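Student: Would you mind keeping the following structure in view while I ask a few things?
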Amino acid sequence: MARLGLSVAPHSGGNGIIVTAVDPDGIAAEQGFQAGDVIVQVAGKKVGNVGDLRSAVEAAEKAGKRTVLMRVRTGDGIRFVAMPVGRV
């Protein structure tokens, strides 16, 4: 998802998608994403591939939302991130 400033790939555990790179000037970096984070839910729905992420972001934009809530597993535990989508 280049427009969010994220490069992602399927997670080997099959639960979520792993962040492989973060654009230091992108929205994801502003929200604290780091390589190795695993996005497990977007807008309350489990994600298993990049298409799930893309669909959730596009649905939020079509609904006129400014952010989409992501559940992210990091090295420190689980956190929730309100990712801006209206400006991407």
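The values are calculated or read from the model by the stated rules, or taken from the named source; none is laboratory data. For clarity, every value in this text was computed on a predicted model and none was experimentally measured. Ideal geometry is used to build each Cβ from the backbone, glycine not excepted, and the neighbour counts take in all protein chains shown.
Student: Take the stretch 50-66 and flag every residue that is outside any helix (DSSP H, G or I), loosely packed, with under 15 Cβ neighbours inside 10 Å and not hydrophobic (A, V, I, L, M, F, W, C). Even if it seems obvious, please write down each step before you answer.
Tutor: First, pick out the residues of the stretch 50-66 that are outside any helix (DSSP H, G or I): 63-66.
Subsequent filtering for residues that are loosely packed, with under 15 Cβ neighbours inside 10 Å retains 63-64, 66.
Passing the criteria: G64, R66.
Student: Continuing with the same structure: Could you say which residue among R54, R73, R66 is under 14 Å from L4 (Cα atoms), basic (K, R) and in contact (Cβ under 8 Å) with a residue 40 or more places away in the chain? Break it down into steps so the answer makes sense when it comes.
Tutor: Values: R73 fails: under 14 Å from L4 (Cα atoms); R66 fails: in contact (Cβ under 8 Å) with a residue 40 or more places away in the chain.
That would be R54, the only listed residue that is under 14 Å from L4 (Cα atoms), basic (K, R) and in contact (Cβ under 8 Å) with a residue 40 or more places away in the chain.
Student: Only one residue in L4, L69 is out of contact with any Gly (no Cβ under 6 Å at 6 or more places or on another chain) and buried (at least 19 other Cβ atoms within 10 Å of the Cβ). Which one? Before you say what the answer is, go through the steps one by one.
Tutor: Details: L69 fails: buried (at least 19 other Cβ atoms within 10 Å of the Cβ).
One residue alone meets the criteria, L4.
Student: Next question. Between a first residue in the stretch 4-15 that is at negative phi and a second residue that is modelled with pLDDT of 85 or more and part of a loop (DSSP other than H, G, I, E, B), which pairs have beta carbons less than 7 Å apart while being 6 or more apart in sequence or on different chains?
Tutor: Qualifying pairs under 7 Å: L4/G26; L6/F33; P10/N49.
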